[in-house]
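Step one of this worksheet: look at the structure below.
What follows draws every value from the coordinates through simple rules; no lab data is involved. Since this is a predicted model, take the numbers as computed values, not measurements. Heads up, the Cβs are rebuilt from the backbone with ideal geometry, glycines too, and the neighbour counts pull from every protein chain shown.
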Protein chains: 2
Amino acid sequence: MLAAARATFADRGFDGATIRGIATAAGVDPALVHHYFGSKDQLFLAAVEAPADPDELLPEVLAADRDVLGAAVVRMALRVWDGPAKPAGLALIRSAVGSEWTAKLLREFLVSKVLRRVVSTLGFDPDERAARASLVASQLIGMVMARYVLRLEPLASAAPESVVAAIGPTVQRYLTGDVVLPAP
Amino acid sequence: MLAAARATFADRGFDGATIRGIATAAGVDPALVHHYFGSKDQLFLAAVEAPADPDELLPEVLAADRDVLGAAVVRMALRVWDGPAKPAGLALIRSAVGSEWTAKLLREFLVSKVLRRVVSTLGFDPDERAARASLVASQLIGMVMARYVLRLEPLASAAPESVVAAIGPTVQRYLTGDVVLPAP
């Protein structure tokens with residue numbers, strides 16, 4: 001079932017995939033998928049082997065005032081990565097860099113479960129939301145790579161709040177600031 | 001010889017490694033290492049399997065005015081990655097994410113061959129240089145991951161100059177702007 005879920009989510013994205021379609025691909029009854037995984041959300045998190053559940057973490061981020069949202073996003077990312085989710089997070093990145101298929105899943109996870117929800121509160125049109133979200137992702141993924149994978153100093157050993165103070169303004173600019181949007 | 005070079009550079013860093021030490025580790029005469037690889041620089045690039053030679057590319061970046069250095073750095077990174085170096089670059093990242101040893105080599109390459117030289121022109125003290133360099137790295141690595149590995153849209157298909165306009169100001173702030181430095 002998980003293999004069928006991974007293939008379907010990678011192929012059709014989170015929105016395009018259905019429990020029924022995944023059950024058919026796995027050759028089982030949809031009720032069985034529901035029984036084991038509950039909702040499509042839960043199945044997706046299991047398929048991605050997500051290191052943390054955005055449904056639990058994002059409400060706190062989204063409660064932040066608009067002008068400190070960048071800092072709140074960076075703070076949450078550091079809390080997840082400085083905590084018990086780090087090994088699973090590293091495994092997910094490793095797998096995404098090595099396989100186009102997992103890269104699609106990780107992209108889908110970031111976009112549909114994290115970034116879209118953070119930028120959806122800001123009131124831009126869909127194209128601008130996607131552009132701002134991809135810029136936010138570029139800084140957050142790079143922070144994770146530099147701090148936890150390459151262990152570049154002093155970023156690797158820095159206190160979380162000093163990282164929030166350094167990188168938060170970048171994420172804030174990408175979220176709400178004056179920024180030229182990437183376009184073809 | 002390359003295996004000995006990789007082990008030595010990963011272990012001691014670029015500055016700490018010597019051709020003599022690498023030759024000893026490989027059980028060959030230092031003259032043979034010189035014969036095959038020329039300088040320590042060339043040997044290091046071969047050991048890292050560097051996708052591009054910073055000695056050829058950096059002079060153009062370093063010729064930029066201080067207040068457009070961020071844009072020049074982003075522009076060069078995109079030129080290298082949109083060009084023929086991409087497969088080798090992806091292979092290097094893949095290998096670095098999978099192996100702590102290659103991660104050390106890639107870090108050493110970025111720090112000693114690229115970042116240190118970019119920030120060295122700006123006149124900060126060594127601690128501040130390292131802090132600014134690690135922030136620059138966090139944005140550049142993330143841009144590469146988001147655009148070329150995860151292929152997040154619209155960043156993945158955006159025209160290089162629109163990416164320079166979006167991300168250049170971030171790199172500029174990390175290089176010369178008002179920024180809280182990451183610290184323990």
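Placing a label point 7 Å from Cα along the Cα-to-Cβ direction at A:ARG20 gives distances to the equivalent points in the other copies of 7.6 nm, listed shortest first.
On full extension, the segment bounded by B:GLU56 and B:LEU2 gains 17.2 nm, given 0.36 nm per residue less the C-alpha separation.
Stretching the chain fully between A:ALA31 and A:LYS86 yields a gain of 16.5 nm (0.36 nm per residue, less the alpha carbon separation). Copy-to-copy label distances for B:GLY83, where each label lies 7 Å from Cα along Cα-to-Cβ, are 4.4 nm in order of increasing length.
Calculated FRET efficiency, B:VAL68 and A:THR18, Cβ-Cβ r, R0 45 Å, to nearest 0.05? Efficiency for this residue pair is about 0.35. What shape does the stretch B:59-184 take by its C-alpha gyration tensor, where a ≥ b ≥ c are the square roots of the eigenvalues and a/c under 1.5 counts as rounded, a/b above b/c as prolate, and the rest as oblate? Because a/c hits 1.5 or more and a/b fails to exceed b/c, the stretch B:59-184 counts as oblate. Taking B:PRO54, B:PRO87, B:PRO160 in turn, the Gaussian network model of chain B (Cα-Cα springs below 10 Å) assigns the largest fluctuation to B:PRO87.
Sequence-ordered 3J(HN,Hα) estimates for the stretch A:88-94 from the Karplus curve with 6.51, -1.76 and 1.60 and θ = phi - 60° stand at 5, x, 4, 4, 5, 5, 4 Hz, glycine and proline given as x. For B:LEU122, inter-copy separations between label points set 7 Å beyond Cα along the Cβ vector come to 2.4 nm, shortest first. 3J(HN,Hα) couplings calculated from phi for the stretch A:53-61 with the Karplus curve 6.51 cos²θ - 1.76 cosθ + 1.60 (θ = phi - 60°) are, in sequence order, 9, x, 4, 7, 8, 5, x, 5, 5 Hz; Gly and Pro show x. Place a point 7 Å from the Cα of A:ASP178 along the Cα-to-Cβ direction; which residues of the stretch B:50-73 have their backbone N under 18 Å from it? Zone members listed by number: B:67-68, B:71. Against the main long axis of the alpha-carbon atoms of chain A, helix A:69-82 sits at an angle near 60°.
Compute a Gaussian network model of chain B, connecting alpha carbons closer than 10 Å, and tell me which residue from B:ALA133, B:ALA159, B:ALA72 fluctuates the most. Greatest mean-square fluctuation among the candidates belongs to B:ALA159. Just check the stretch A:1-48 against the gyration tensor rule for me: Cα atoms, a ≥ b ≥ c as the square roots of the eigenvalues, rounded for a/c under 1.5, and otherwise prolate or oblate depending on whether a/b exceeds b/c. In terms of gyration-tensor shape, oblate.
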